[in-house]
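Undergrad: Here you go, one structure.
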Amino acid sequence: MLAKVLSSALLGIDAIPVDVEVDIAQGLPQFATVGLPDGAVKESKDRVKSALKNAGYDFPQRKITVNLAPADLKKEGTAFDLPIAIGILAATGVIKSPRLNDYLILGELSLDGSIKPVRGCLPVAVAARRAGFAGIIVPRDNAPEGAVVEGVEVIGVGELAEVVEFLNGTRAIPPCTVNVEELFRQNSDYSEDFAEVKGQEHAKRALEVAAAGAHNILLLGPPGSGKTMLARRIPSILPRMSFDEALETTKIYSVMGLLERERALIANRPYRAPHHTISDIGLIGGGNTPRPGEVSLSHNGVLFLDELPEFKKHVLEVLRQPLEDGRVTISRALMSITYPSRLMLVSAMNPCHCGYSGDPQHQCSCTPIMIQRYRSRISGPLLDRIDIHIEVPAVKYSELADRREGESSTVIRERVEQSREIQRERFRGTKVHCNAHMPPRFIRKFCEPDSAGHRMMELVTERLGLSARSYTRILKVARTIADLAGSDGIRENHISEAIQYRSLDRKSY
């Protein structure tokens, strides 16, 4: 007796259809699973056996062989419990239905026959629609997540018996539906606002410029000056997420099992702030079975690295390729997986080890050699990928005591979105979406300053000893400043403001 059930396996953030073939033959009782299963898949035989018995079904005392095809793709996780159980019931004649060929089935079984949620339901729904299946049968807790995808039925179930009755046509289960617009409305609010920030007008302006052009930024200032407070509010001024961006971001969180039950769709920009003790695998991703790291969890959002010099040097160095390419490729002996990592890097550091170099209110206890050693923990190639360095001084008492609220994030975001719209029109038809990602040929084409700007760039380059990379960064930032001002060309005042945002390039610093 042979039966085939359709399921799915995860490969990166995408799902691959898998045929679960169950053969029950004469012979001594045996349960074998083939097709590159990992430990969790091999253990499914015990869960399936107990679930079938406790749900009131007979478990055949024969030789059972389960093949997961394609056999050269590694299978992991507990999502194959339900399709294996359904395959056994189909092979023994309990389920007689052509519906088995219309639905992808996945779910983890409890010993009592109830169905637990699994990871990766959203990519499975996308794969089912792409392959032309009628729908998917998933745990009830995962149903809203899959229902975000239009054009495919998502059947949420809580018990093994429900699946059997649905497939046999004796029970009708309505497909789960969600209102995507309502999800966007509910989940797109931010709890923190720039109106709560006292003072720091210069820093807030720099963050607006960074958000408008998707520039990476470094905040430099003494302890307690508000660097972390500013960084936490950056997502609130970034442009609103499109549905495609939200879907791609949600797929990453679904694969990792980090999607909250009440949030079927991530509609606001991710904000990740890993501790400085994180490993390179935790930051970039990897492992025996490659998983996304913090750079991928920050996709379409913000990655905040506080106390940047405290991170291990080799951990920081692996950031260079994701920042440059917008994706992470993890290669192993059996597979190579690519995860997206198009993010805005926001980092913060003290000016020295004690934190008070240049602070008029505190005495710095560091020697020049100590300061140089502290700053040298950040390599030149990494700084090369950070467009803006901004100093964040300590806040004065008069600013702290001021009861007036500052400019809100909503107002700032409107200006940022107008600037991004200008950039979309400028780069229409290309793979570039914002000023920070311009290649050299686009810099020559779109970042030509006027004659006064040329003279200023020449003067500053000679006096401050700016490098070639600093020159191109200044032009990119100046282009963004001009976009915020609604100017077609780059003028002297745009250049002068952009130069202020390169603190670490100044010889006098």
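The values are calculated or read from the model by the stated rules, or taken from the named source; none is laboratory data. Everything quoted here is computed from the prediction, not taken from an experiment. Backbone-built Cβ (ideal geometry, glycine too); neighbour counts: all protein chains shown. Calculation scope for accessible area: heavy atoms of the full protein, side chains included, ligands and nucleic acids excluded. Shrake-Rupley method; radii C 1.70, N 1.55, O 1.52, S 1.80 Å.
Undergrad: Kirkwood hydrodynamic radius of region 157-268 from all distinct Cα pairs, in Å?
TA: Computed over region 157-268, the radius equals 17.6 Å.
Undergrad: Identify the trypsin sites (Lys or Arg not before Pro) of region 22-81 meeting these criteria: DSSP loop state and at most 11 other C-beta atoms within 10 Å of the C-beta.
TA: Details: sites: LYS42, LYS45, ARG47, LYS49, LYS53, ARG62, LYS63, LYS74, LYS75; in loops: ARG62, LYS74.
Passing sites in region 22-81 do not exist.
Undergrad: Mind checking the dipole of the chain: about its Cα centre, +1 per Lys or Arg Cβ, -1 per Asp or Glu Cβ, Debye to the nearest 20?
TA: Values: 65 positive and 63 negative charges, 239 e Å.
With Lys and Arg at +1 and Asp and Glu at -1, about 1140 debye.
Undergrad: For GLU425 paired with THR177, estimate the spin-label separation in nm (one decimal), with each label point 7 Å from Cα along the Cα-to-Cβ line.
TA: About 3.9 nm separates the two model spin labels.
Undergrad: If each residue of separation counts as 0.36 nm, what is the full-extension length gain between ASN493 and LYS312 once their alpha-carbon separation is subtracted? Spell out each step's value before the answer.
TA: Details: separation 181, 0.36 × 181 = 65.16 nm, distance 3.87 nm.
Value of the extension gain: 61.3 nm.
Undergrad: What is the diffusion coefficient of region 60-151 in µm²/s, taking the Kirkwood radius over Cα pairs and the Stokes-Einstein relation at 10 °C with a viscosity of 1.306 mPa s? Don't skip to the answer; put the middle values down first.
TA: Numbers: Rh = 14.3 Å.
In µm²/s, the coefficient is 111.
Undergrad: So how far, in whole Å, is the C-alpha centre of region 51-123 from the one of region 348-387?
TA: 58
Undergrad: On to the next question. For region 1-79, what proportion of DSSP beta bridges, expressed in % and rounded to the nearest 5, is antiparallel? Please report the intermediate quantities before stating the final value.
TA: Working: 17 of 23 bridges.
Percent antiparallel among DSSP bridges in region 1-79 is about 75.
Undergrad: Right, here's the next one. How large is the accessible surface per residue of region 1-139, computed with a 1.4 Å probe and reported in Å² as a whole number? Don't skip to the end; give the middle numbers.
TA: Values: 5530 Å² over 139 residues.
Heavy-atom SASA per residue in region 1-139 reads 40 Å².
Undergrad: Order the following by accessible area, largest value first: HIS299, HIS353. Probe radius 1.4 Å; ligands, DNA and RNA are ignored.
TA: Numbers: HIS299 0, HIS353 110 Å².
From most exposed to least exposed: HIS353, HIS299.
Undergrad: What's the FRET efficiency of ALA452 with GLN30 using the Cβ-Cβ distance as r and R₀ = 60 Å, to the nearest 0.05? Before the final figure, lay out each step's value.
TA: Values: r = 84 Å, r/R0 = 1.40.
It comes out at approximately 0.10.
Undergrad: Taking N as the number of residues in region 258-402, what is its Cα Rg relative to 2.2 N^0.38 Å?
TA: Normalised by 2.2 N^0.38 Å, the Cα Rg of region 258-402 equals 1.25.
Undergrad: So which cysteines in the chain don't have a second cysteine's C-beta under 4.7 Å from them?
TA: Cysteines of the chain left without a disulfide-compatible partner: CYS121, CYS176, CYS354, CYS364, CYS434, CYS447.
Undergrad: Oh, and also: Given contacts defined as C-alpha pairs under 8 Å and at least six residues apart, what's the relative contact order of the chain, whole-number percent?
TA: 13
Undergrad: Would you tell me the accessible area of HIS494, worked out with a 1.4 angstrom probe on the heavy atoms of the protein chains, in Å² to the nearest 10?
TA: That residue has around 10 Å² of solvent-accessible surface.
Undergrad: Considering every pair of different Cα atoms, what Kirkwood radius, in Å, is found for region 167-211?
TA: Values: mean 1/r = 0.0654 Å⁻¹.
Every distinct Cα pair counted, the radius reaches 15.3 Å.
Undergrad: A further question on this structure: Does anyone have the angle between helix 468-484 and the longest principal axis of the chain? Alpha-carbon axes, 0 to 90°, nearest 10?
TA: Taking Cα atoms only, the helix is inclined about 80 degrees.
Undergrad: How much length would be gained if the chain were fully extended between THR338 and LEU459, taking 0.36 nm per residue of separation minus their Cα-Cα distance, in nm to one decimal?
TA: Values: separation 121, 0.36 × 121 = 43.56 nm, distance 4.42 nm.
Length gained, THR338 through LEU459: 39.1 nm.
Undergrad: Residues of region 308-464: accessible area per residue at 1.4 Å, in Å²? Spell out each step's value before the answer.
TA: Working: 9120 Å² over 157 residues.
Result: 58 Å² of accessible area for each residue.
Undergrad: How large, in Å, is the chain by the Kirkwood hydrodynamic radius built from its alpha-carbon pairs? Show your work: numbers first, answer last.
TA: Values: mean 1/r = 0.0390 Å⁻¹.
Evaluated on the chain, it is 25.6 Å.
Undergrad: Using a 1.4 Å probe over the heavy atoms of the protein chains, calculate the carbon and sulfur portion of the accessible area of the chain as a whole percent. Spell out each step's value before the answer.
TA: Details: 11150 of 22850 Å².
Looking at the chain in its full context, I get 49 percent from C and S.
Undergrad: Would you mind giving the average projected area, over all directions, of the Cα convex hull of region 359-440 in nm² with one decimal? Before the final figure, lay out each step's value.
TA: Details: hull surface 37.8 nm².
Hull-based average projected area comes out at 9.4 nm².
Undergrad: Roughly what % of Cα-Cα distances in region 336-386 sit above 18 Å, to the whole percent? Display every interim value, and only then the final one.
TA: On the way: 634 of 1275 pairs.
Percentage above 18 Å: 50.
Undergrad: Quick check on the chain: of the DSSP beta bridges with both residues there, what percent are antiparallel, nearest 5%?
TA: On the way: 27 of 57 bridges.
The antiparallel proportion sits near 45 percent.
Undergrad: Still on this model: With the crude spin-label approximation of a point 7 Å out along Cα→Cβ, what separation in nm comes out for SER242 versus LYS53?
TA: A separation of 5.5 nm, rounded to one decimal place.
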